[in-house]
Amino acid sequence: MWRCSACGELVDDQFEACWKCQEPKPAAPVEVSGEVEPAAAWVDNFQETKQPDGTISVRVFGQVLSCTVCSNRTFRERTSLLNTAGLTFLRLDWANKSATNFICSKCGYVFGFLPQS
């Protein structure tokens, strides 16, 4: 058995990729001992790893973010302003909340995440 480095799932040795998230099996053997916290219990919402080409790979609550359109796993990060009619009418757009966006580097699909409150 080996533990997936992306989602923490236990996978039989016969498989070359995780059945849950399709993360490839690590080249070096990883010992599985004891239980690990479930991914949802991770403290950080986003974990980003910078790639050599300037894109990032992202984990959200410990789960690898994969594009739902093309299955790509690298993204570009942007922030977008969430406009409201009232604040726009008062010309106070700067007071609106913002969202974190991850844009697929292959097909351009946009994932938007609202701030946790």
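Assorted remarks:
- Long-range neighbours under 7 Å by Cβ, at least six apart or interchain, first residue assigned by TED's automatic domain parsing to the domain that holds residue 104 within region 35-63, second modelled with pLDDT under 80 and in a helix (DSSP H, G or I): 61/39; 61/40; 62/39; 63/39
- Restricted to region 68-117, and to residues there that are part of a loop (DSSP other than H, G, I, E, B) and of a type in the set (Ser, Thr, Tyr), the residue that is modelled with the lowest pLDDT is 117.
The values are calculated or read from the model by the stated rules, or taken from the named source; none is laboratory data. All values derive from a computational prediction rather than experimental measurement. A quick note on method: Cβ atoms are made from the backbone with ideal geometry, for glycine too, and the neighbour counts reach across all protein chains shown.
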